[in-house]
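Please read the structure below before turning to the comments.
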Amino acid sequence: MLRSGGLLSDPRLSSLAPVLRRALIGIVLSSAVLNVLLLAGSIYMMLVYDFVLPGRSLPTLFGLLMMVIAAYVFQGMLDALRGHVLVHLASNVDAALELKAHDLAVTLARLNPARDSGQPVRDVDQVRQFLGGNGPTALVDLPWVFFFVGILFLLHPWLGATVLAGAIVLIALTVATEWISNSATAQLVRLNRDRQQAIETSQRHAETLYAMGMEGQMGTRWRAANGAYRQAQVRLGGKSSVLVTSGRIFRIFLQSVVLTVGALLVLSGKASGGVIFASSILSARALAPIELAIANWRGFVGARQSWQRLGDVMAFGGEARAVQPLPPPRSTMSVEALTLVPPGASEPTVRHVSFVAYAGEAIAIMGASGAGKSTLLRGIAGTLPPLAGEVRLDGATMTQWPRDLLGREIGFLPQNVELLPGTVAQNIARFDPAASVDTIIAAAQQAGVDEMIQQLPDGYNTDVGTDGRRLSGGQRQRIALARALHGDPFLILLDEPNANLDPVGEAALVEAVAAATARGAVVIVVAHRPSILAAIDHVLLMKEGRAVAYGPKRINLSQVSMDAQSA
């Protein structure tokens, strides 16, 4: 069904391979028994016509009826069991891939924003829907076509040859369906991605579009993307429908041909009358898997492409590395010849930056717009993989820690603050269910936001809404600062933390930075407004992606002033 290489070869999904293998063995065995049981109807028809009717034997008729009823009941139970196995297989595959799909979606959004980051989740949905439907049974039953054709050859070579010729025609239709569906399905996925991105962009910028009268222009873009998807869907659906209908009509026609051949054999004395009915049933059964495969081929192609994409994107995300547990960093943070290329850029925007920060120090990264300050902060946080160089904590590279453990030692306040859907308390606690109320309140107090939170309608239980939109920009920024401070992380990275703050918020920010350095944290701040400099020890001056000066605040502030005057 789906190739076991690629995706299943990843060690992170090693537990999925035996599950698929056991399920496949069970499905193949049950299909074998089911297909043998399907002979019961043909045998019953032949015996009734050739023996019961000439002999007028009611006991024989009722005996045969009981046996065929038992065969049908067992067949129904086995078929239901096979469907149950497939549904559970689909569920197990989804459960094995769900977290990985989420991680891949997040990784793609971080490393390649231009790519459709939601595709891995939709690919898992596509695989699950295929495995839980009729597609797998059609594929497993396909080899049994030759079994039933062989039985027809035993009844008479002409019957077998007729059905074999029909099977070849239907297989040709299947190949044509594959040829048409493969590229068309891939194109449909791309167009669906474009239309989803178009509507998501409009939703994300709804206020701006309304305020500036841009809804019509964006609606035109959405209409074009949706129209292209709709036309591609109609084209693919039309072609697939023609092939599916052709296959169904041809199979009905072929049954009539088989009846005709059987009648000719009976008239010529080369077969008994029961052969006519038996051959009709057997031919229908021989061709049914091919027709079912044609009907489900589009789903199979989609699932296969989804499986391949998951394998490709997992390779893009890198292999899981075994890491040794290290003690939490407590001493230094060093940047060594760090070079960074943001997603979508062709050239580095940060080049060969090096500096060392010690516990208890606060550093401001300053420079003109476009100097690479925010990109450097993202590189230090580990959200942007380096092109060259590395970031070390206590001498160890960041890749030597498990990311979930390292994340507890990093507080990150990005330039564009967005809270996650949930309560204020959940956001401050980073959605850690083990976080205590005391640590949440302590982080809020360090950020100077405790009093503001208590004035919200439900206090710490206030729902912030999607991206925190129920709060003002200043409220979001101060709550995000509390999130960065939660758990007393060693490395605190703040990107323009005072951009949306009033004087009260700025004073609280300065106090929070001073308190963090007093307990031994390293604080790095990207700053434009001078108020934050009261808590700063050193200044790193950036210019055109390079660090042109690094040292005590009093020295570098004069350098910043001279650069501003020369500009």
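Scanning segment 382-400 for residues that are among the hydrophobic types (A, V, I, L, M, F, W, C) and touching a helix residue (DSSP H, G or I) at 6+ places or on another chain (Cβ under 9 Å) yields Leu384, Val391, Leu393, Met398.
Suppose we keep only residues that are of a type in the set (Asp, Glu) and under 13 Å from Ala425 (Cα atoms) within segment 445-461. Which one would you say is surrounded by the fewest Cβ atoms within 10 Å (Cβ to Cβ)? Steps first, please.
Quick first cut of segment 445-461, residues of a type in the set (Asp, Glu) only: 450-451, 458.
Narrowing further to those that are under 13 Å from Ala425 (Cα atoms): 450, 458.
Values: Asp450: 18, Asp458: 11.
So, considering only residues that are of a type in the set (Asp, Glu) and under 13 Å from Ala425 (Cα atoms), the one surrounded by the fewest Cβ atoms within 10 Å (Cβ to Cβ) is Asp458.
Evaluate the following for Ala176: is it small (Gly, Ala, Ser) and within 15 Å of the chain's Cα centre (by Cα)? First the steps, then the outcome.
Numbers: small (Gly, Ala, Ser): yes; within 15 Å of the chain's Cα centre (by Cα): no.
It is false that Ala176 is small (Gly, Ala, Ser) and within 15 Å of the chain's Cα centre (by Cα).
Screening the candidates Ala101, Ala80, Ala161, Ala95 for the property of being at pLDDT 90 or above and either more than 24 Å from Ala293 (Cβ to Cβ) or assigned to a helix (DSSP H, G or I) (or both) yields one hit, Ala161.
The set of residues in segment 417-459 being at positive phi and charged (D, E, K, R) consists of Arg430 alone. The set of residues in segment 503-555 that are within 21 Å of Leu485 (Cα to Cα), in a strand (DSSP E or B) and not aliphatic (A, V, I, L, M) contains only His538.
Among the residues of segment 56-65, those that are in a helix (DSSP H, G or I) and surrounded by 10 or more Cβ atoms within 10 Å (Cβ to Cβ) comprise Thr60, Leu61, Phe62, Gly63, Leu64, Leu65.
The requirement of being closer than 30 Å to Glu291 by Cβ, surrounded by 13 or more Cβ atoms within 10 Å (Cβ to Cβ) and either under 29 Å from the mean Cα position of the chain (by Cα) or in contact (Cβ under 8 Å) with a residue 60 or more places away in the chain (or both) is not satisfied by Arg248. Every listed requirement among (1) in a helix (DSSP H, G or I); (2) surrounded by fewer than 17 Cβ atoms within 10 Å (Cβ to Cβ); (3) not hydroxyl-bearing (Ser, Thr, Tyr) is met by Leu173 save one, (2).
Here is the figure for segment 396-422: residues that are more than 26 Å from the chain's Cα centre (by Cα) and within 22 Å of Ala444 (Cα to Cα) total 5. Look at Ile380 and say whether it is crowded, with 22+ Cβ neighbours inside 10 Å, touching a strand residue (DSSP E or B) at 6+ places or on another chain (Cβ under 7 Å), touching a residue at least 40 places away in the same chain (Cβ under 8 Å) and assigned to a strand (DSSP E or B). Judged against the criteria, Ile380 is not a match.
Restricting to segment 434-467, and then to whatever is among the charged types (D, E, K, R) and within 21 Å of Asp502 (Cβ to Cβ), can you tell me which residue is farthest from the chain's Cα centre (by Cα)?
Per the criteria, the residue is Glu451.
Of all the listed residues (Arg470, Arg478), the sole one being within 30 Å of Arg204 (Cα to Cα), under 33 Å from the mean Cα position of the chain (by Cα), among the basic types (Lys, Arg) and surrounded by 23 or more Cβ atoms within 10 Å (Cβ to Cβ) is Arg478.
Select from segment 494-509 the residues that are crowded, with 18+ Cβ neighbours inside 10 Å and at pLDDT 85 or above and list them in ascending order.
Of all residues in segment 494-509, those crowded, with 18+ Cβ neighbours inside 10 Å come to 494-498, 501, 505, 508-509.
Passing the criteria: Leu494, Asp495, Glu496, Pro497, Ala508, Leu509.
Take segment 191-214 and flag every residue that is among the charged types (D, E, K, R) and either modelled with pLDDT under 80 or loosely packed, with under 14 Cβ neighbours inside 10 Å (or both). Once the filter is applied, which keeps residues that are among the charged types (D, E, K, R) and either modelled with pLDDT under 80 or loosely packed, with under 14 Cβ neighbours inside 10 Å (or both), segment 191-214 yields Glu200, Arg204, Glu207. Among the residues of segment 451-502, those identified as within 21 Å of Val437 (Cβ to Cβ), touching a strand residue (DSSP E or B) at 6+ places or on another chain (Cβ under 7 Å) and touching a residue at least 60 places away in the same chain (Cβ under 8 Å) are Ala480, Leu481, Ala484, Leu485, Pro489. In this structure, does Ala293 turn out to be under 18 Å from Val145 (Cα atoms) and either buried (at least 16 other Cβ atoms within 10 Å of the Cβ) or of a type outside the set (A, V, I, L, M) (or both)? Spelling it out, Ala293 is indeed under 18 Å from Val145 (Cα atoms) and either buried (at least 16 other Cβ atoms within 10 Å of the Cβ) or of a type outside the set (A, V, I, L, M) (or both). Residues in segment 166-224 that are over 30 Å from Ser256 (Cα atoms) and among the acidic types (Asp, Glu): Asp194, Glu200, Glu207, Glu215.
When residues of segment 138-158 are filtered for being under 21 Å from Thr245 (Cα atoms) and either part of a helix (DSSP H, G or I) or in contact with a Phe, Trp or Tyr (Cβ under 8 Å, 6 or more places away or on another chain) (or both), how many remain? Of the residues in segment 138-158, 4 are under 21 Å from Thr245 (Cα atoms) and either part of a helix (DSSP H, G or I) or in contact with a Phe, Trp or Tyr (Cβ under 8 Å, 6 or more places away or on another chain) (or both).
Are any of the residues in segment 87-109 hydroxyl-bearing (Ser, Thr, Tyr) and without any contact (Cβ under 8 Å) to a residue 60 or more places away in the chain? Walk me through it before giving the result.
So in segment 87-109, the residues hydroxyl-bearing (Ser, Thr, Tyr) come out as 91, 107.
Filter once more, keeping what is without any contact (Cβ under 8 Å) to a residue 60 or more places away in the chain: 91.
Yes, segment 87-109 contains a residue that is hydroxyl-bearing (Ser, Thr, Tyr) and without any contact (Cβ under 8 Å) to a residue 60 or more places away in the chain.
Scanning segment 481-503 for residues that are acidic (Asp, Glu) and at positive phi turns up Asp488, Glu496. Pairs are defined by a Cβ separation below 7 Å, a sequence spacing of at least 6 or placement on different chains, a first member in segment 265-292 that is in contact (Cβ under 8 Å) with a residue 12 or more places away in the chain and part of a helix (DSSP H, G or I), and a second member that is crowded, with 21+ Cβ neighbours inside 10 Å and of a type in the set (Ser, Thr, Tyr); the pairs so defined are Ala278/Ser42; Ile281/Ser42; Leu282/Ser42.
Might you check whether a residue that is among the polar types (S, T, N, Q), over 22 Å from Leu108 (Cβ atoms) and at pLDDT below 90 occurs anywhere in segment 346-353?
Here is the first cut: in segment 346-353, the residues among the polar types (S, T, N, Q) are 346, 349.
Cutting the leftovers down to over 22 Å from Leu108 (Cβ atoms) gives us none.
Scanning segment 346-353 turns up no residue that is among the polar types (S, T, N, Q), over 22 Å from Leu108 (Cβ atoms) and at pLDDT below 90.
The C-beta contact set for segment 42-63 (first residue over 23 Å from Leu154 (Cα atoms), second residue surrounded by 11 or more Cβ atoms within 10 Å (Cβ to Cβ), distance under 6 angstrom, 6+ apart or interchain) comprises Thr60/Val52; Leu61/Val52. The sole residue among Val106, Val73, Val87 that is outside any loop (DSSP other than H, G, I, E, B), surrounded by fewer than 19 Cβ atoms within 10 Å (Cβ to Cβ), over 25 Å from the mean Cα position of the chain (by Cα) and hydrophobic (A, V, I, L, M, F, W, C) is Val73.
Among the helices (runs of 4 or more DSSP H) lying completely within segment 416-501, list those that include at least 3 residues that are among the β-branched types (Val, Ile, Thr). Let's see the steps before the verdict.
Numbers: elements: 424-428, 437-446, 450-454, 473-485.
Where helices (runs of 4 or more DSSP H) fall fully within segment 416-501 and carry at least 3 residues being among the β-branched types (Val, Ile, Thr), they are 437-446.
The values are calculated or read from the model by the stated rules, or taken from the named source; none is laboratory data. Remember, it's a predicted structure, so these values are computed and weren't measured experimentally. Glycine gets a Cβ as well: all are built from the backbone with ideal geometry, and neighbour counts include every protein chain shown.
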